[in-house]
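Sharing a structure, written as structure tokens. Questions coming.
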Amino acid sequence: MSASPATRRLLAAVLAAGALVGAAAIPAAAHDDDRRGHRGPHSSIVIGDVQNDSHGRDNRALNREWIEVKNTGRHSVDLRGFTLTDKQGNRYRFHGFRLDGRSSVKVHTGNGRDTHHDLYQNRRHQIWDERDTATLRDDSGRVVDTESWGRRGHHHSR
């Protein structure tokens, strides 16, 4: 059974229209992926433990106040440009720090010498209150992770 020339032309037109619609949809899908960034919807960098509102006003007390940042992935990640903020807008910016895979670093409030396991904000006052939220953003300003604590305990979201 052979199709008439009119049927073949109609089928060719339908296939061509489908190809055009499909080609137009590809750039839109690629654009959506670009908005999510190179890390994708889930980052291997997360907020771990929190030690907030330590008692005392000296540097020792300030260094007992910290936020842990963890790399749950296998590969190291350059945290240059990442920021850690509280509800009041206090901000710590990571400068040229590479976090190894499956490791963590504590970001202390007080003064100290930065190492692979401890970083220091060099502040003179506590910033993490008994009810607060820590927000970690990547180098493009996108929220990577948040951790809240207070009256109802800790609340973690990504």
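Stokes-Einstein at 4 °C, 1.567 mPa s, Kirkwood radius from Cα pairs: D for segment 51-158 in µm² s⁻¹?
Here the translational diffusion coefficient equals 92 µm²/s.
Further question: Jot down the per residue volume, in cubic angstrom and as a whole number, of the convex hull over the alpha-carbon atoms of segment 49-97.
Hull volume over Cα atoms, normalised by residue count, gives 107 Å³.
Fully extended, how many nm does the chain gain between residue 117 and residue 142 (0.36 nm per residue separation, minus their Cα-Cα distance)?
That works out to 6.6 nm of additional length.
Summarise the accessible area of segment 63-103 (1.4 Å probe, protein heavy atoms) by the percent that is carbon and sulfur.
Whole-percent figure for carbon plus sulfur exposure: 41.
Mind running the shape call on segment 97-136? Use the C-alpha gyration tensor, a ≥ b ≥ c as the square roots of the eigenvalues: rounded below 1.5 for a/c, prolate if a/b tops b/c, oblate otherwise.
Verdict is oblate for segment 97-136.
Return the FRET efficiency for the residue pair residue 53, residue 97: r is the Cβ-Cβ distance, R0 is 30 Å, and the value is rounded to the nearest 0.05.
0.75
The values are calculated or read from the model by the stated rules, or taken from the named source; none is laboratory data. Just so it is clear, the model here is predicted, and its values are computed rather than measured. Because the Cβ atoms are built from the backbone with ideal geometry, glycine has one as well, and the counts that use them run over all protein chains shown. Ligands, DNA and RNA are excluded from the accessible area calculation, which covers all protein heavy atoms including side chains. Shrake-Rupley method; radii C 1.70, N 1.55, O 1.52, S 1.80 Å.
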